[in-house]
Every structure is written in C-alpha cells, then in structure tokens.
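Step one of this worksheet: look at the structure below.
Just so you know, all these numbers are worked out from the coordinates, no wet-lab data involved. Note that this is a predicted model, so its numbers are computed, not measured. For neighbour counting, all protein chains shown are included, and Cβ atoms are generated from backbone atoms with ideal geometry for every residue, glycine included.
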C-alpha cells in the first residue's frame, strides 16, 4: 500500500474553451506525490496553480490525461463518488480559513465526520484533533468570529485532519496571517508532516515554501522544475 | 442532523426576514382556511334550515306554456289549480307515501280591536296531516273548524298566544279564528312557509273563499327517502303528453343537492381567492430562499469541497423552507379558527357551525397547502444551491 503514490498526474491538460479562443491552463502535466511528502507548488499569477489545486482536490476534471488518488483513477467517477473521495481522502485548508459561521468550533471540526457517518458523532475526536493543533480548550465552544486568524486556521487544519485523509491540500495557508502567526501555522504543518501527513501547499511566498521538502515550480501551465 | 441545525440557526440569524416570510404564510393560511370555514358554515346553516323539507316532493300546477289545462294557458298562476281528480291520481302514484293537498291564499287580517291591518299567507291542510308537516312549540294540533295554528315569527311579531283571536278579511268579513297552537320555527322550505303564516282547516278555507277541492299544491312526504322515483312516477302519470303538461314536480332533495352544490362552488371560489394571498406568500418564500442561497454561495462551495453531497446541500435549504412553512402554517391554522369565529359571528350571527368536521378539514387543507407552497417555493433555490459549481462558489466574495 505504501508503494502506491498518494497522488499521480499523467499527462494532465486542462483547457478552458472561451469565445476568444481556447485557454490552456495546464499543459500535459505529469508528477507524483509519495506518502509523507511535503510539497510546495509555486509560480506566478496565471501560471496554473489554482487549476492544479482544483484538479488535485477533485473539484474539477482534466480535459485530457489521468489523475490517480491513492491508486484510484478519478476520471470515471461520478459526482457522488468524487464528493466521497474529497470527504474521506483529502483535507482542504484555505487562505481565508472558510469555517462555517453558524457552527461553533467543535461542530466545525466534526462536520466532515458527520458527513462520513451520517449520524451524530462523538465530539471527543474533535477535541482530540483540536488539542493536536494546539488550540486552547476554552475556545472549543466559541464561534469562528470570536477567534483570531491564527486560531481560525488551526481550527481549519483540525477540520481537514479529522477524517484522517491521505493528503492535505493547502491554498496559501498563511496568506491571511501575520508573519509570526504564519510561522506558528507552518511549524504545526511541519510537525504534522513529521508524523506522516502528506501535504501539498500552494504558495507565493518563498519563505513559506522553505518549510516543504520539495517544490514544484509551474509556469504557463507546465512544470518547469 | 447537522443540516437541520444549520437551517434552524440560519432562520434565527435572519429572524426578522424569516418572520416576515412566515407572516405571509400565516395570512395565506388564514385566508384559505377562514374562507373555507365561512363557506362550510353557510352550507351547514342553510342545511339546518332546509333539512325538514329534504323528504318532500312538491307538486304544483304546470304554469309554463302548454294548452292551459287548468284554464291558465300560460297566464297567471293564480288561476292554476290541481283538481281533485289529479290529486287522487297523485295519491295513488305516490302510495304508500302520504300525499297532502294544500290550499293557499293571503289576506288582510286584524289582531284584536283597533290593531293595524296586516297581510299574511294562509294555508289549509287536513288536520290529520298537519303533524307530518310541522311541530308545535305551544298549544294543540286539534284546531277545530274555527281554530288556527300560527307560525312562530308571526306569533312573536304580533304578540300572539294560544287563545288569541284573529279576524280575517278586510273588515273581518271572512270570520274570526282562535289561535290553538304555535308552530315551531321551520325556516326556509320548499313546500309551505309557516313561520309567517296561518294554518287553517280545509273546511274553513272552502267556506271562506268558496274553494272546492281545487288545490294550490300537493306535498308528498316520502318515507324511504327515494324522492327521485316518486317525482318520476308522478310525472309519468300526469304529464303523459309532452305538449300538455298538467303538473310541475319538484324533488326537494334534488333541489337541496343543487343548492349545496352551488354553495360548494361559492366556497371553492372564495377559497381560491384566499389562495391568491398564499401564492403571494409563496413568492415571498421563494425570494428569501434565493437571498439565503445567494448570501451563502461561499459556504456552499466550502461544504461541497470538503465532501458534502448535492442532496445534503439541497436538504439544508429545504429544511429552512419547511421550518418557515410548518410554523407559519400551524400559527395560520390556529388563527384561522379565530378568524372563522369572527366571520361566522358577524355574517351568520351564529358560531354553532364552527366546531365541525368540515372546519377541521378546511383548517387542515389550509395548513397543508401552506406547507406544500413553502416546500415547492424552496425547491428551486435549494436545487440551484446544490448544483453550483464548487470552484465558482469558492471564489465567490
């Protein structure tokens, strides 16, 4: 099982048909991500980073080529199957945290567990993950707007981890935080990676990219290094 | 049930907006249910007034066109009568049901010395048959030749009691009658309207008005309820010739059914007018559901990206519409009882028809319609939310 790459792209292209002519956002991209890796994806604006992230997160499908998540080809999957794949195997961390304002911290974190079990869940697992991302226990019943940016991002990381995904996809995870808080979040992600979590992180910031062990540089829809 | 919880909290967050939408549903349910209650109460009220005549077949001289068998020839109905021969035929055909011959006229009369001259209807029917047609609230059926029964309204209006005397005719030339009984209120009826009239014996009528077995109508009291057959048999026997009809026959049960049907249509019509306010409320629900979806596009994108199925997103919005619909409709149902009470009290001067099965059905229909409208108006916004492209939704600011 450990020999199978967590994610693999084979000759993946994404072309957007527009009235003014087709736009190739990704052009025959191939790479693979092994279990336990910590990868940064860097590149200038419009290089195809967001398209790549959407394809990695199974939010979009390639025009040509194949994507495999833990050995499973995603091209033939229905919307329901892709949604289940996102729920069970992929954890998302966003730049703007994207917590649910109507739910408190524990409810936000256990939300993916509820989706998976279809029943009410034991909040203890939520508390356990929140403790692992070093969030103070007294904040567990607060609402997201009562927390600082750094605290909200820790909650978002806990939510992404709660279903034990194969891979964490991070979109500028420190982009909305000050440098000190951002460093704290990166320390946490480094620690998670050290414990075995596979992380792919899209970032503009070279200092943040230094936390990763491999960098994929993308330009004009192609991997350049 | 996390999506139910989110739906509840969103309603709480936008309490004023949700309350206003709910108010629309409340008004819609009140409009539908109270109109239904009013219609049902009207039918019940009319039914109550007419139920005593639902077992009658009323035979009157044929007045329309024809050869004028009774000398009328399509002229004044006053000259049209049912002969004794015809009455005997009706009696045979209607047997074993009882056929009651009725004389009717109207005349001036005075009650006591120096009282005002009044005009009222006078009916004459055989004393033995009177108990089949009416009940007394005071006095005795046995009115003798110079006795009479008076209707309850007539007695009340002119302060008559058993034993009172009434002189009939412009100057009392038809003689005087003594009140021997007061008839219970019968309300509207197809045969004879007793509430404002006098009932005398045929013998007195024949003497006073020179009548000789030329009846104004014949009432057949049908025991087994099959008034339609009795009507058909009488028509077959007496109106053998299409161009020479002798009698007109009215089946009171069929007439009642026709009246009920008309009231039913009126009820449906006014309820439909109430339904317009429900449709307006539905548009309001649709509007706030679309607002709810548009405000939460990003949230929907996040949900979809972390593994929420389309049907789960859809359920969240359907729950929201359902909560507004159920609460609004139940409140509307309760208030419609109060509205129905007020309308009945004002329009019918009675609320005795309010707590009936028909009222329960009207309220249930109003509540069910409210809930269905809310759900129907929530489906499209919910569907739109569920089918958003998660990437576009995530990018939404």
Please report the Cα spread of segment B:150-307 along all three principal axes, rounded to whole Å, starting with the longest. 101, 49, 29
Packing-wise, with mean Cβ within 10 Å as the measure, how do B:277-289, B:164-176 rank, highest first? B:277-289, B:164-176
Inter-label distance for residue B:106 and residue B:273, nm, one decimal - labels placed 7 Å from Cα along Cα-to-Cβ: 3.2
Normalized C-alpha radius of gyration of the protein assembly as shown, against 2.2 N^0.38 Å? 1.72
Between residue A:118 and residue B:291, what is the spin-label point distance in nm, taking each point 7 Å from the Cα along the Cα→C-beta axis? 3.5
Largest-first semi-axes in Å of the equivalent ellipsoid built from the Cα gyration tensor of segment B:100-221 are 20, 17, 13
Full-stretch length increase - residue B:176, residue B:376 - with 0.36 nm per residue and alpha-carbon distance subtracted: 64.7 nm
Considering only the protein assembly as shown, what is the antiparallel percent among its DSSP beta bridges, to the nearest 5? 65
Can you compute the modelled spin-label distance between residue B:212 and residue A:134, with each label point 7 Å from Cα toward Cβ, in nm? 12.6
Where N is the number of residues in chain B, Cα Rg divided by 2.2 N^0.38 Å: 1.53
For A:105-117, what's the mean count of beta carbons from other chains sitting within 10 Å of each residue's beta carbon? 2
Between B:95, B:124, B:257, which gets the highest mean-square fluctuation from a Gaussian network model of chain B, Cα cutoff 10 Å? B:95
Angle between the Cα long axis of helix A:179-194 and the longest principal axis of chain A, 0 to 90 degrees, nearest 10? 80
For peptide B:303-315, compute the average count of partner chain beta-carbon atoms within 10 Å of each residue's beta-carbon. 6
Taking the Cα centroid of segment A:176-223 and of segment A:99-146, what is the distance between the two, rounded to the nearest whole Å? 24
Mind checking A:94-103 for the average number of partner chain beta-carbons within 10 Å of each residue's beta-carbon? 5
Write down the radius of gyration of segment B:104-146 and its Dmax, each obtained from C-alpha positions, in Å. 12.9, 36
Whole-number value, in Å³ per residue, for the convex hull of the alpha carbons of chain A is 137
On a 0 to 90 degree scale, rounded to 10, what angle separates helix A:105-117 from the longest Cα axis of chain A? 60
Which value, to two decimals, describes the C-alpha radius of gyration of segment A:1-66 once divided by 2.2 N^0.38 Å? 1.21
The rounded separation in angstrom of the Cα centers of segment A:1-36 and segment B:274-300 is 41
Principal-axis tilt of helix B:357-386 within chain B, Cα atoms, nearest 10 degrees: 20
Restricting to bridges with both residues inside segment B:118-224, how much of the DSSP beta-bridge set is antiparallel, in percent to the nearest 5? 50
Restricting to DSSP H runs of at least four residues, report the calculated mean residue ellipticity at 222 nm for chain B, -39500 (n - 2.57) per run over all residues, nearest 500 deg cm²/dmol. -18500 deg cm²/dmol
